[in-house]
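The values are calculated or read from the model by the stated rules, or taken from the named source; none is laboratory data. Note that this is a predicted model, so its numbers are computed, not measured. Cβ coordinates were reconstructed from backbone atoms using ideal geometry, including for glycine residues, and neighbour counts include every protein chain displayed.
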Amino acid sequence: MLFLKKIGTIFFALITISVSAQKDSAQVKKIETKPFVRLNSNDYNPLAPSKAAFYSAIIPGMGQIYNKKYWKAPIIWGAMGSSIYFYVTNNNDYDRYRTAFKIREAGLQDEFTNDDGSLIISRNGLINAQKTLKKNRDLSLLTTVLLYVLQVVEASVNAHLLQFNTNDNITFTPMIATDPVKLEAPKVGLTLKYSF
């Protein structure tokens with residue numbers, strides 16, 4: 001029993017020493033605070049791609065202007081303006097031919113009938129014109145939507161790529177290396193070297 005009391009006392013002493021040692025080290029430890037760090041222009045900005053996409057979604061071409069790729073905005077405006085122009089033109093022509101077809105079916109004189117009653121465009125011609133113009137109108141609308149989505153994606157991808165690390169350690173340098181054993185036979189090959 002005496003032996004167990006001695007072991008218990010030693011065990012209790014060791015526990016209190018370790019607890020007091022931990023208490024002392026906790027008192028000595030200081031909490032360090034870091035000052036607010038501002039991003040400079042060379043740091044990665046994770047919000048830049050989303051801002052560029054947002055600006056392009058609001059006004060087509062604004063994401064490209066945000067990325068400082070000013071020459072892309074007139075191309076986007078021209079492409080989208082052309083597809084919108086073709087949509088409006090095809091829609092107006094479709095409405096003309098559709099109205100003429102409805103008037104002719106009602107037995108009245110339409111714009112594609114001469115004063116003497118002769119037809120400029122036949123009934124089948126009106127039907128075919130409506131089908132073609134409707135198809136062209138829908139294709140113009142699809143082109144406008146695709147151009148809109150593509151310019152939003154392009155602005156976002158371009159903003160990502162503008163922040164890509166392009167230093168001299170990441171380069172592709174072509175070189176011509178001759179074979180020292182056989183100088184008379186030219187050889188062509190490709191060697192890729194990279195280092196970090």
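Observations on the structure shown:
- Take the conditions (1) under 30 Å from Pro49 (Cα atoms); (2) in contact (Cβ under 8 Å) with a residue 24 or more places away in the chain; Gln130 misses just one of them, which is (1).
- Sole residue being modelled with pLDDT of 95 or more and part of a helix (DSSP H, G or I), chosen from Pro49, Pro60, Pro74: Pro74
- Of all residues in the stretch 159-170, those that are among the aliphatic types (A, V, I, L, M) and surrounded by 10 or more Cβ atoms within 10 Å (Cβ to Cβ) have Cβ atoms under 8 Å from Cβ atoms of residues that are at pLDDT 80 or above and part of a helix (DSSP H, G or I), 6 or more apart or on another chain, in Ala159/Ala48; Ala159/Pro49; Ala159/Lys51; Ala159/Ala52; Ala159/Ala53; Ala159/Gly63; Ala159/Tyr66; Leu162/Ala48.
- Members of the stretch 133-149 found to be within 15 Å of Ala52 (Cβ to Cβ) and surrounded by 15 or more Cβ atoms within 10 Å (Cβ to Cβ), listed by number: Tyr148
- Qualifying residue in the stretch 89-99 (condition: touching a Gly at 6+ places or on another chain (Cβ under 6 Å) and in a helix (DSSP H, G or I)): no
- In this structure, Thr33 does not satisfy being at pLDDT below 90, surrounded by 10 or more Cβ atoms within 10 Å (Cβ to Cβ) and not aliphatic (A, V, I, L, M).
- Where a residue in the stretch 63-90 is without any contact (Cβ under 8 Å) to a residue 24 or more places away in the chain and its partner, wherever it lies, is among the β-branched types (Val, Ile, Thr) and in a helix (DSSP H, G or I), with Cβ under 9 Å and at least six apart: Ala73/Ile65; Ser82/Thr143
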